[in-house]
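Below is one structure, written out as C-alpha cells; the observations come after it.
Every number here is computed from the coordinates shown, using simple stated rules; none is lab data. Just so it is clear, the model here is predicted, and its values are computed rather than measured. With ideal geometry, Cβ positions are generated from the backbone for all residues, glycine too; neighbour counts draw on all protein chains shown.
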Amino acid sequence: MTNKNEEKNLPAITSYPVFHFSVKQNNIGVISIYVAGDKVNTLKAEFVDQFYMILQQAQAIVGLKGIIIISNKPGCFLAGANIRMISNCKTKEEATRLAMTGQKLFNLLENYPLPIVAAIDGVCLGGGLELALACHVRICTLSDKTRLGLPEVQLGLIPGSGGTQRLPRLIGLVNGLDLILTGRQLRPQQSLTLGLVDDIVPAEILLQTAINWIDKGRKNKTWLPLMLRLSELPIIRNILFAIIKNKTNSKSKGHYPALEKAILVVAIGYEKGVQAGLEAEAKVFGELAMTPESTALRGLFFGSSALKSEMGSFGKSATIHQVGVLGGGLMGGGIAYVTAARGKLPVRVKDINNGGLNQALKLSWQRLTKQVKRKRISVQERAQQMMLISGTLDYKGLEKTQIIVEAVFEDLALKRKMVQEVEAMTLNEVVFASNTSSLPIHKIAEFAKYPERIIALHYFSPVDKMPLVEVIPHSKTSNQTIATAVTLAKKQGKTAIIVGDSAGFYVNLILAPYIAEATRCLLAGESIEHIDNALVKFGFPIGPLNLLDEVGIDVGTKIMPVLVEQFGERFSVPSELNIILEDDRKGRKNGRGFYLYKKNKMSWPWSKKQRQVDTTIYELLNIQPKEILSEQEIVQRCIMLMLNEDTRCLDEGVIRHVNDGEIGAVFGIGFPPFTGGPFRYMDQQGISNIVDIMHRLAQKYGNNFVPCERLMQMVKSNKKFHQ
C-alpha cells in the first residue's frame, strides 16, 4: 500500500476524486485508487473517463518506465463494480453498454505500450480482478484479507468486463471455469499456485516489489502446464464443455441461468476468438441483468448490506477479548471452532467431563486439518488456532470472559441453572448468550440477577457451514448486550438477524410446519425419495426429511410441543413420529433415521455418498410407498404452510421487517436463493395466486392451509411485500 507522505514531494501529474497519479523518482508512475465515503473501493461508470485521462497523460511523459496500480484503502484493492449501478439499468441494452465500457477500458490497459503492474492488497473481486487480469503483471500481499475471485454468478450475472475471456487463458480452461461458475475466492498462495498472480509478498514491500517488476520490463508469456494446454485442444475442449455443462445443470436444476450462459460465453471465445467472446459476454451480461433471478439475488445482496448497517444502531459493544462456551457437544464444539478459527479469539470450553472437552477439541482439529489438506491454511496456522481453544471442568479461566455462550441440552431448568452458576462467578458485566432453539429467552432469564445481560444466540447445525445466527433479546435485555452478541456473531463470520422472543423464534417457526407436512406426505404413502427430490428440484439444498435427519429427529420433534403450547394445533405433528423415535432413529447422529449413514466419514453432511434411504422405515410405519402426488403438489403442500407462517411472523413482530425474513429463510434453511426469499417469491408468484393455492389445499387437506389475515388483506388492497 502506498504511503501518502512518501509521495508528497514528488510531482503529481493529475489527481481526480478517485484516482491519484504520481511519478516516483525512478520514473515509474503510480495510480492510487481511493473511493472516498465508502468502506471499499468499487467501480462506477463515471470513473472510467478519469482513468482514461490519467493513462493518456502518463503515456505522454518522456522516459516513463511503466505504471503501478495500487489502492490507498487498507484491506481493499477493488471490490468490484458498484452493484447499484447495475440495478439502475432499465434495459438489457443499457446493461450491455455498461459492460462494454469496462471492456474498452481494460482492453486499453492490456494493450498499453508500457508495462502495468497490479499491486493487490486486500479484496480484489469482480471488476477489480478483471482490471488486474488486464494488467501485465499481478502481485498480491500475504495478508489474510487478500482474496481474488469473480463472484458475479452469486448475483445471477457473469463477469462483464473481459473476465470470461482473460481468466481461462491465464490459468487454464478448467481452472478458469471453476472460478467463474462457483464464484469462490482464492487466498494468496492459491492464487500463486494457479498462476493467477505472479508473486506474493508481505504488504510492507508490495510497492517496492512492483517497482522491481517494472524495472524488469514486460513479462514473457507464461506457458500453461502441458495437461492444461492439452485440455484446450478442440476435441478435448468440446468434451470438457459438455461434461461441465451437464454437471452444472444437475446441480443448479436450471434455476441459475447465469451458469449455463457463462459456459456458453467462454466456449464462444475459444471457438470464434476473444473479440467474439467479448461481444457475447457484454450481450449476455445485459440479458442476465434483467432476469428475475439476478434481481432476486441482488436483492439479497442489498438486504445483507443493509442488515450490517442496521446492526450498528444498538450502541457500543463490549470489547471482546475472550469467549466462553458451556457444553462441548456438536453445537458447543462448532461455536468454539468458529470463534477461534474465524474470530481469532481465545475460547474456553466448559463441560462436565473430559469426554465432552475432547469432543470439542476433536471437532476443531478435524475442521482445521481439512483446511490444511486443501492448502487454505498452513500447519503452523492450524497449531496457532488450536492454541486458542482450551477446556475446563469448572469455571476457572472464565472469570474475565466478556461473553459466555451456553450450548447445553434444550432443557429450561438446566439452562436456568447455567445462568445462576455464571452469575455466581462475580464476573464483570459478562453477557450470557443461550444457544436455545425453541425456549423463549425471557423464561431462561426469569430468575436472573442481571436479566439485562441475558440474550439468545441461536446457531444452526453444522455451525461452521450455516451462515445465519438469530439474535433474540427479551424485554429487559440491554442495548449493549445486543451489540456485544452481534459483535461476536460478526467476528464468527455469521450474518445476524434480530428476532422476537417467542417459542421457536423465526427460522424454526417457518421450518416446523414445512417438515411436519413432509411427514404427512410420507404417512400418506409417498416415498422418502419422492418427497425430498421434489423440494430439491424446487431449489432447496436438501429435502425436508433429509433435513430432519441432519437436525436430529429427537431434537426436531422436541421443539414441536413447545410450539403447540404457544401457537396451537397448527404446529402439531403426526403421532407416528413417536414410533420412529422409539425405534432409536435419531438421524445422522446415530447413523439411522429416514436414511442410513456410513460412519466415521468426514464429509459435507449433505453428501449423497454418505446416505441411502432406510427402506425398513416403511414397514415400521405400516405403509406401502408409492408416488401418487405430483412433485408440484408435494412442493405446494410443504411451501404454502411455510409462506403462511412467514407472513404471520412479519405480522406479529417475530421479524422486524421483510428483509430479515428473506435473509433468515435463505441463510437459515436454504430457501432457494434465486427466488430472493419467501416474501419476494410470493410477490413474484402473485399474492392472489398464493392465496388461491392455499384455499384449494385447505379444502383438500385441512384448515392449516387457510391463508392468514394479512395475506387476505393484501389481496384486497393489491399490495406486495416489496413495493
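Below is a table of values for the structure above.
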read-out	value
Contact order normalised by residue count of the chain, Cα under 8 Å, 6+ apart, percent	9
Region 489-537 and region 195-220: distance between their alpha carbon centers, rounded to Å	50
Residue pairs, from the table LYS344/LYS589; LYS370/LYS465; LYS494/LYS586; LYS598/LYS626; LYS316/LYS491; LYS417/LYS491, whose Cα atoms sit over 18 Å apart	LYS344/LYS589; LYS494/LYS586; LYS598/LYS626; LYS417/LYS491
Expected 222 nm ellipticity per residue - DSSP helices of 4 or more, -39500 (n - 2.57), all of the chain, to 500	-15000 deg cm²/dmol
Between helix 274-289 and the chain: long-axis angle, C-alpha atoms, 0 to 90°, nearest 10	40
Region 53-89-region 288-326 distance, computed between alpha-carbon centres (Å)	28
Quarter of Cα convex hull surface for region 4-223, i.e. mean projection, nm²	11.6
Column: log10 I(q)/I(0), Debye, Cα scatterers of region 599-716, q = 0.14, 0.19, 0.23 Å⁻¹	-0.76, -1.07, -1.28
Degrees, to the nearest 10: 631-651 long Cα axis against longest axis of the chain	90
Amide proton proximity set for CYS76, modelled H, under 5 Å, gap of 5+	VAL123
Angle between the chain longest axis and helix 330-341 axis [Cα atoms, degrees, rounded to 10]	20
Listed residues PHE505, ILE482, SER378: farthest to the positive end of the dipole of region 370-507 (Cβ charges)	SER378
Peptides 706-717, 448-459, 63-74 ordered by average Cβ neighbours within 10 Å, highest first	448-459, 63-74, 706-717
Most to least packed among 435-447, 119-131 [average Cβ atoms within 10 Å]	119-131, 435-447
Only Lys, Arg (+1) and Asp, Glu (-1) charged, at Cβ; region 584-723 dipole about Cα centre in debye	740
